[in-house]
Amino acid sequence: MQHADQNWFVAALLWLFVLFILGAIVVAKRGKELYIRKIPGLTAIDEAVGRALEMGRPILMVPGIGALNTISVQALQIFNYITRTAAKYGNPIRLACLDAAVYAVAQEIIQDAYQAEDRMADYDPDSVQFVAAQQFAFAAGVAGMIQRERIAASFLLGEWFAESLIFAESGNMVGAIQVAGSTQTTQTPFFVAACDYVIIGDEFYAGSAFLTREPVLMGSIVAQDMCKALLLASIVIGAIWTSVAATNHDFYNKFKSVYGTDGWDRVFGGKP
């Protein structure tokens, strides 16, 4: 904001975005139902939990192989909802972690999910496991878990790299229903090929708002979409404006070359 005097348009646009977000949050808190389109991968959670219950086999959740950051926290928030749904029916769960910090936070989140559903008697501290701290050791450990326990439903959400297809193919081999999501576009094709549902792009960040319908989250998501639309409109208008200005400038130069330096002033009464 210290450069607002140099670029007033950017500063005004930034403040407009802030007002959109705050306004949408206020509207959501007042009870207005805001619309977010259905996300197939998240609407399939109940189906996946129900299938695991029918088969009497565990549900696997993996929050990627990244550190404790926005992506892994978002994945854990979605896993909190999945765990609460599973806890209602007594489904066993498995949550595998590579990062120690993610492991510690995951333990608390899963315990809170069981407590919220008043099913602490079913809570197993070993359901959240720190598998390994190296990429392919972790991949081998999780793949072995999928094969040994014949996972019925698999949720792979977070940061993924070369190990993504190992997990997806292992789940596919045991017939698990799989929901995957990644912020790495290079891994999305592998999930599309081997998983039942894939959460792509901004759908991943909208997940917790879509599932919980929490007013602050709902307002933020809807306002962000409005800001994106406004930003896109400003880009289109700016491109048209610049093109027209460039065209007028070229026309002015050609006119001046034909009628002289003062030709434009004599004909039109000033520069364009």
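For the chain, report the accessible area per residue in Å² (1.4 Å probe, heavy atoms, rounded to an integer). Don't jump to the answer; show the numbers that get you there.
On the way: 14560 Å² over 272 residues.
Value returned for the chain: 54 Å² of accessible area per residue.
How many Lys pairs in the chain lie less than 24 angstrom apart by Cα atoms, where the lysines are 8 or more positions apart or on different chains?
Here the count comes out as 7.
To the nearest 20 debye, what charge dipole does the chain have about its Cα centre, counting +1 at the Cβ of each Lys and Arg and -1 at the Cβ of each Asp and Glu?
So the magnitude is around 800 debye.
I want the local charge near Lys228. Using Cβ-Cβ distances under 15 Å, sum +1 for each Lys or Arg and -1 for each Asp or Glu among the other residues.
Counting the neighbours of Lys228, the net charge comes to -2.
Can you compute the helix-only [θ] at 222 nm over the chain? Use -39500 (n - 2.57) per DSSP H run of at least 4 residues, normalise by all residues, nearest 500 deg cm²/dmol.
On the way: 12 runs with 167 residues, N = 272.
After summing the helix terms and dividing by residue count, I get -20000 deg cm²/dmol.
Need the C-alpha centroid separation for segment 47-104 versus segment 168-187, integer Å.
Answer, in whole Å: 14.
Are there chymotrypsin sites (Phe, Trp or Tyr not before Pro) in segment 1-78 that DSSP marks as loop and that have at most 11 other Cβ atoms within 10 Å, and which are they? List each step's numbers first, then the result.
Details: sites: Trp8, Phe9, Trp15, Phe17, Phe20, Tyr35; in loops: Tyr35.
Filter output for segment 1-78: Tyr35.
Determine ³J(HN,Hα), in whole Hz, for all residues of segment 226-236 in sequence, where each value follows from phi through the Karplus function 6.51 cos²θ - 1.76 cosθ + 1.60 and θ = phi - 60°; x replaces Gly and Pro.
Karplus values, whole Hz, x for Gly and Pro: 5, 5, 5, 5, 5, 5, 5, 5, 5, 5, 5.
Roughly how much of Cys195 is accessible, in Å² to the nearest 10, using a 1.4 Å probe?
My reading of the accessible area for Cys195 is about 20 Å².
Kindly provide the trypsin sites (Lys or Arg not before Pro) of segment 1-102 that DSSP labels as loop, not H, G, I, E or B, and whose Cβ sees at most 10 other Cβ atoms within 10 Å.
Counting only loop positions with at most 10 other Cβ atoms within 10 Å, the trypsin sites (Lys or Arg not before Pro) in segment 1-102 are Arg30, Arg37, Lys38.
I'd like the accessible area for Met173: 1.4 Å probe, protein heavy atoms, all chains in place, Å² to the nearest 10.
Ignoring ligands and nucleic acids, Met173 comes out at about 130 Å².
Determine, from the Cβ-Cβ distance of Thr212 and Asp118 and an R0 of 25 Å, the FRET efficiency 1/(1 + (r/R0)^6), rounded to the nearest 0.05.
Given R0 = 25 Å and the Cβ-Cβ separation, E is 0.85.
If you compute mean projected area of the Cα convex hull in nm² for the structure shown, which of (i) 23.5; (ii) 21.2; (iii) 14.3 do you land on?
Correct label is (ii).
Could you tell me the calculated FRET efficiency between Ala233 and Thr185, based on Cβ-Cβ distance and R0 = 22 angstrom, to the nearest 0.05?
The pair Ala233/Thr185 has a calculated efficiency of 0.30.
For segment 92-176, which chymotrypsin sites (Phe, Trp or Tyr not before Pro) pass both filters: DSSP loop (anything but H, G, I, E, B) and at most 15 other C-beta atoms within 10 Å?
Phe161
Once phi is turned into θ = phi - 60°, what whole-Hz ³J(HN,Hα) does the Karplus curve with 6.51, -1.76 and 1.60 give for every residue of segment 131-140, x standing for Gly and Pro?
7, 6, 9, 10, 3, 7, 5, 5, 4, 5
Considering amide H positions built from the backbone, and no H for Pro or chain starts, which residues 5 or more places from Ile199, or on another chain, come under 5 Å of its amide H?
Ala180, Gly181, Ser182
Pop the C-beta distance of Val27 and Glu108 into the FRET formula with R0 = 35 Å and round what comes out to the nearest 0.05.
In this case the efficiency is close to 0.65.
Quick one: what does P(r) look like for segment 65-217 with 5 Å bins over all Cα pairs, in whole %?
2, 9, 19, 23, 24, 16, 6, 1, 0
The values are calculated or read from the model by the stated rules, or taken from the named source; none is laboratory data. Everything numeric here is computed off the predicted structure, so don't read it as measured data. All Cβ positions, even for glycine, are placed from backbone atoms using ideal geometry, and neighbour counts span all protein chains on display. To get the accessible areas, we keep the full protein, side chains included, count just its heavy atoms, and leave off ligands, DNA and RNA. Shrake-Rupley method; radii C 1.70, N 1.55, O 1.52, S 1.80 Å.
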